[in-house]
Amino acid sequence: MKFPLLFLLLFLMLSGCGTYNSIDTFYNNHKNDNQVTAVRVPRFMLGMLGEISPEIKSLIGNTKDLRYMHFPSTTAEKTRFLNQQMNGITGNSFIEVFRKNDDLKRNVISIREKRNAVKEILIYNNNGQNGSFLYFNGNFDPEKVRQLAKEDGFKTLGDGIINQFTGRGGSDIIPQD
């Protein structure tokens, strides 16, 4: 009787703390890497990003967590490593909406759904020189997500986030070197 209980407890303990395949882990492990730009938008600033376009404003209004990261990917080995990490994150419970592979280059849009709503959106791009991801957590209308993906609105949002935080169109929150 004790063996099944012990086995169950061990399984729960390992599964609860052993997941490297999460956006939190990826973000925390790479935010201090050399030449990385990492932005985690506080909730009070989400409204400012909504000024990029009406479509973005409607999407941002339902966002609880928004992160953007841009990182170097200058060698084939590094690109392979980053691609594998992102595949690990999206491979478990995300649905791939769009993927374009060109050798080691990647463009991927993945979502996680719950009932009739999209709960998480992850956009990953890697051109073999630089990689980036844009991550949303909230409660989103699947039709709006589909429309933004089709019209390349997520790229506009990624550019807008960087502009807001670097002062190239917003306030100087991150000091420039």
Which one is nearest to N34 (Cα to Cα), of the residues in the stretch 57-91 that are assigned to a helix (DSSP H, G or I), without any contact (Cβ under 8 Å) to a residue 12 or more places away in the chain and over 14 Å from the mean Cα position of the chain (by Cα)? K78
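When you go through V97, V36, V41 one by one, which is the residue that is of a type in the set (V, I, T), modelled with pLDDT of 90 or more and either farther than 29 Å from Q147 by Cβ or surrounded by 12 or more Cβ atoms within 10 Å (Cβ to Cβ) (or both)?
Working: V97 fails: modelled with pLDDT of 90 or more; V41 fails: modelled with pLDDT of 90 or more.
Sole residue among the options that is of a type in the set (V, I, T), modelled with pLDDT of 90 or more and either farther than 29 Å from Q147 by Cβ or surrounded by 12 or more Cβ atoms within 10 Å (Cβ to Cβ) (or both): V36.
Could you list all residues from the stretch 100-113 that are assigned to a strand (DSSP E or B) and exposed (fewer than 11 other Cβ atoms within 10 Å of the Cβ)?
K100, N101, D102 - these are the residues of the stretch 100-113 that are assigned to a strand (DSSP E or B) and exposed (fewer than 11 other Cβ atoms within 10 Å of the Cβ).
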Breaking point among (1) in contact with a Pro (Cβ under 6 Å, 6 or more places away or on another chain); (2) part of a strand (DSSP E or B), for Q35: (2)
Every residue in the stretch 134-151 that is closer than 13 Å to S110 by Cα, out of contact with any Gly (no Cβ under 9 Å at 6 or more places or on another chain), assigned to a strand (DSSP E or B) and of a type in the set (A, V, I, L, M, F, W, C), please. F136
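The values are calculated or read from the model by the stated rules, or taken from the named source; none is laboratory data. Please read all numbers here as calculations on a predicted model, not as lab measurements. Here the Cβ is made from the backbone with ideal geometry for all residues, glycine too, and neighbour counts use every protein chain on show.
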